[in-house]
Amino acid sequence: MSAVTSPARATVAAPASNRLALTGVGFAVLFLASLVFSGLAGSATYPSPFDADKVAEAYFADNGGVVLGMGILQLLSVVPLVAFVLALAKRAARAGLVRAAGLCAAAGLAACALIGLAIPVFDASGDTLHTLHDLTFMAGGPAHVPFLGIVVGASALAFRTSAPRWTTVLGLTSAALALLSVVTFVSEPLMPLLPLGRFTAILWIVVTAVRAARLRK
C-alpha cells in the first residue's frame, strides 16, 4: 500500500515544498535588503520614535530617496510573506491560527511600508511627519512582529514531532519575544524585544524554508 501511495504524496508535496522554500527565503531576502539598503545608503540610522523631533526631521529631509527604496523593498516583501504563510498553513495543525496571524502580520508590514512611502511622496513635515513616523513604527513593530511570532510559535508546535528540537525551541523563543514586543512603543528600555522577536522569527522562517527544500530532494 505504501509503495503505491508514496509517489502520489511526493508529487503533491513537492510543489508545496517549493513554495515554502522560495517564499520563505524571498521574504527574508527582501526585508533584510530593505534594512541593509537603509543602513548603507542613509546619511544616518533610521530614527526611532523615541528620538528627538529634530533628529527625525533631519533624517527624512536628507534621505527621501532612501526612505522610498526601503519602503518599496518592504512592500515587495509582503508578497512572499503572504505566500509563505498560506503554504505553511497547509502543513500546520493550527492552520486557521497560522493563516489569520500571518495575514495580520502581512497587513501590518504593508501598512508600515505604505505609510513610510507617504513621508517622502507627500514631503511630510511638522506634526504630519511625526504622526506618520509614529504610525510606521506601530504598524511595522507592535502591529506586525507579535503576529509574526504567533505564526512561528504555532507552526513550531505543529512541526515539533518532525523537526529538530532546536528549531522548535527557536520558534517558541521567538514567539515569546515577539509577543512581549507589543509593549515596546510605550517603554523605550524594552525596545530590544522588537528586533529580537523579529530577527529570530525571520531566522526560523529561513531555517524552515531551507529544510523544506532539502526534504524535497
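The values are calculated or read from the model by the stated rules, or taken from the named source; none is laboratory data. This structure is a prediction, so every number in the text was calculated from the model and none was measured. Backbone-built Cβ (ideal geometry, glycine too); neighbour counts: all protein chains shown. Note: accessible area is taken over every heavy atom of the protein model, side chains too, but ligands, DNA and RNA are not part of it. Shrake-Rupley method; radii C 1.70, N 1.55, O 1.52, S 1.80 Å.
Quick notes on this one:
- From the list 175, 143, 156, the one residue that fits, being of a type in the set (Gly, Ala, Ser) and farther than 20 Å from residue 87 by Cα, is 143.
- Within region 126-168, restricting attention to residues that are among the polar types (S, T, N, Q) and over 17 Å from residue 66 (Cα atoms), the residue that is surrounded by the most Cβ atoms within 10 Å (Cβ to Cβ) is 155.
- Entry remark, region 52-80: residues being surrounded by 16 or more Cβ atoms within 10 Å (Cβ to Cβ) and part of a helix (DSSP H, G or I) number 17 in total.
- Evaluation of residue 211 against (1) under 18 Å from residue 84 (Cα atoms); (2) basic (Lys, Arg); (3) not in a helix (DSSP H, G or I) (one fails), failing number: (3)
- Check on residue 83, of a type in the set (A, V, I, L, M, F, W, C), modelled with pLDDT of 95 or more, open to solvent by 20 Å² or more (accessible area, probe 1.4 Å) and touching a Ser or Thr at 6+ places or on another chain (Cβ under 8 Å): yes
- Of the residues 179, 203, 190, the single one that is closer than 19 Å to residue 103 by Cβ, of a type outside the set (D, E, K, R) and open to solvent by 50 Å² or more (accessible area, probe 1.4 Å) is 179.
- The residues listed here are 59, 46; of these, the one that is closer than 30 Å to residue 155 by Cβ and at pLDDT 95 or above is 46.
- Filter result (assigned to a loop (DSSP other than H, G, I, E, B) and among the hydroxyl-bearing types (Ser, Thr, Tyr)) within region 160-177: 161, 162
- Within region 39-51, the presence of at least one residue that is assigned to a helix (DSSP H, G or I) and within 20 Å of the chain's Cα centre (by Cα) is confirmed.
- Tally, over region 100-121, of residues that are of a type outside the set (A, V, I, L, M) and either touching a Ser or Thr at 6+ places or on another chain (Cβ under 8 Å) or open to solvent by less than 20 Å² (accessible area, probe 1.4 Å) (or both): 4
- Residue count, region 108-159 (criterion: farther than 17 Å from residue 191 by Cα and part of a loop (DSSP other than H, G, I, E, B)): 5
- Restricting region 178-207 to residues that are part of a helix (DSSP H, G or I) and either hydroxyl-bearing (Ser, Thr, Tyr) or in contact with an Asp or Glu (Cβ under 7 Å, 6 or more places away or on another chain) (or both), the residue that is modelled with the lowest pLDDT is 184.
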